[in-house]
Amino acid sequence: MTEPHTPDGPAASTSPGPMAGVLADMPEVWRRLLVEHVPDRLGRCTACRNVSGSGVRWPCTLQQIASQARVLHETRGDG
Ligand SMILES: [Zn+2]
């Protein structure tokens, strides 16, 4: 382990792999995510704003997962 910051918890990992694989079978879900999670003029996700007002920098984790899910879905070629 060479990372200086290793917070515990599954949310610490930003690897979209497994999650994207699941979402690939749910096109209505990742399509909506791709529509909602878009950057505003400041390059922050419009769907991931938090109460402090400091938005999440886009692409956010959800956008990345949805994007990978779309690639997986199109790679499979069904539909
Ligand atoms: Zn987002």
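The values are calculated or read from the model by the stated rules, or taken from the named source; none is laboratory data. On a predicted model such as this, the values are computed, not experimentally measured, just so you know. All Cβ positions, glycine included, derive from the backbone under ideal geometry; neighbour counts span all protein chains shown.
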Only listed residue being exposed (fewer than 15 other Cβ atoms within 10 Å of the Cβ) and at pLDDT 90 or above, chosen from G17, G21, G9, G79: G21
Where a residue in region 37-64 is near the ligand (Cβ under 8 Å from one of its atoms) and assigned to a loop (DSSP other than H, G, I, E, B) and its partner, wherever it lies, is of a type in the set (V, I, T) and modelled with pLDDT of 95 or more, with Cβ under 7 Å and at least six apart: T46/V38
Tally of residues being near the ligand (Cβ under 10 Å from one of its atoms) and of a type in the set (V, I, T) across region 66-75: 0
